[in-house]
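Enquirer: Input: one structure, supplied below.
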């Protein structure tokens, strides 16, 4: 019999995990990528653009953990994205926890974008432009702000309904933050040196005018939509996993390509000058989810008031 913890969203939020801790965990996970067993995610589409993705990962043996996340996007859902994680002891096979994956998915995604920006942006740049101002953008903003506590940061926002106002209200207490808004994608792109797109869907190209993308720009399309034209003329492309991008229409026409882990491990120089245009495609690794889930499970106090259930497995060798 094993006692399985149920970690809900509120249980994780209550732990007060900092954005800087999230950045440390995603850096740690990128650094161990080639030690982990990380099969490609399986994506199934029940209707239209809706999907269920299954993302397994066996962490290096020193962790003794296996995790699998199921993430879904269903149009009209509230929220549209949802996820759940199963965490196992990889030595015994016992299920350790059932974890609400929404906080982990959101914060690890924001932390990866913030880490990519810190590693790949041109020198002296501390302005960040955002398209899409939902939870992913907020998580990214939190990580960027906490990673730049000692310097002024500018966020440039694309106006859409009342989202820019709500975004500004969320971050009004940060004394090191200046917020600007623009009314068109072309205007946003033309003023950007770091452009972070957090929209979950796009019909066609968001900015087909290639001339508006500045020399030295870093483009981080978190959900990959709307910037396929940049694949053809940006100087370098980095991905979190080659399997995620090798099916892209223009993959064979990337000027230079490598994985972000190779940069963090010191095997690739990354940005080599302030004129290079660079794309970071971070589609999302089950490795990040597994590392976050494992650390959160270990950090949860034994006396924490979380739900549990007993898993009474049949132990007889022959029972059928």
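Values in this text are rule-based calculations from the coordinates and carry no lab data. Note that the coordinates shown come from a computational prediction; the quantities given were computed from them, not determined experimentally. Cβ placement follows ideal geometry from the backbone for every residue including glycine, while neighbour counts extend to all protein chains displayed.
Enquirer: Work out, in µm²/s and without decimals, the Stokes-Einstein translational diffusion coefficient of region 1-63 at 20 °C, 1.002 mPa s, Rh from Kirkwood over C-alpha pairs.
Expert: 142 µm²/s
Enquirer: Continuing with this model, one more query. Nearest-5 percent of antiparallel DSSP beta bridges in the chain? Could the numbers behind the result be given before it?
Expert: Numbers: 31 of 60 bridges.
Around 50 percent antiparallel, to the nearest 5.
Enquirer: Now for a different question. log10 I(q)/I(0), Debye, Cα-only the chain, no solvent, q = 0.15 Å⁻¹?
Expert: The Cα Debye sum returns log10 ratios of -1.29.
Enquirer: Mind checking the angle between helix 135-147 and the chain's longest principal axis? C-alpha axes, 0 to 90 degrees, to the nearest 10.
Expert: Taking Cα atoms only, the helix is inclined about 80 degrees.
Enquirer: Shifting gears a bit: In a Gaussian network model over the chain where Cα atoms closer than 10 Å are linked, find which of 132, 243, 110 has the largest mean-square fluctuation.
Expert: Answer for the Gaussian network model of the chain: 243.
Enquirer: How would you order 309-315, 36-42, 289-295, 197-203 from highest to lowest mean count of nearby Cβ atoms within 10 Å?
Expert: On the way: 309-315: 9.1, 36-42: 15.1, 289-295: 25.0, 197-203: 17.6.
Final packing ranking: 289-295, 197-203, 36-42, 309-315.
Enquirer: Turning to a different aspect of this structure: When the Debye formula is applied to the Cα atoms of region 252-316, each taken as the same point scatterer, what base-10 log of I(q)/I(0) results at q = 0.15, 0.19, 0.24, 0.25 Å⁻¹?
Expert: -0.74, -0.94, -1.18, -1.20
Enquirer: Moving on to the next point. Just from the alpha-carbon atoms, what are the Rg and Dmax of region 107-281 in angstroms?
Expert: 15.2, 45
Enquirer: Now for a different question. Taking a quarter of the surface of the convex hull around the Cα atoms of region 44-85, what do you get in nm²? It would help to have the intermediate numbers written out before the result.
Expert: Details: hull surface 13.1 nm².
Answer in nm², one decimal: 3.3.
Enquirer: Rank 107, 299, 120 by mean-square fluctuation in a GNM of the chain with C-alpha springs under 10 angstrom and give only the top-ranked residue.
Expert: 299
Enquirer: Moving on to the next point. Which whole-number percent gives the relative contact order of the chain, counting Cα pairs below 8 Å spaced six or more residues apart?
Expert: Worked out over the chain, it gives 22 percent.
Enquirer: Sort 68-81, 182-195 for me by packing, meaning the mean count of neighbouring Cβ atoms within 10 Å per residue, highest on top.
Expert: Per-residue mean Cβ counts within 10 Å order the peptides as 182-195, 68-81.
Enquirer: Could you list 227, 238 in order of exposure, starting from the residue whose Cβ has the fewest other Cβ atoms within 10 Å?
Expert: The order, fewest Cβ neighbours first, is 227, 238.
Enquirer: Would you mind ranking 142, 20 so that the residue whose beta carbon has the fewest other beta carbons within 10 Å leads the list?
Expert: Final ranking by Cβ density, sparse to dense: 20, 142.
Enquirer: Next up: Can you show me the helix-derived [θ] at 222 nm for the chain, built from DSSP H runs with n ≥ 4 at -39,500 (n - 2.57) apiece and divided by the number of residues, rounded to the nearest 500.
Expert: -8000 deg cm²/dmol, from helical runs alone.
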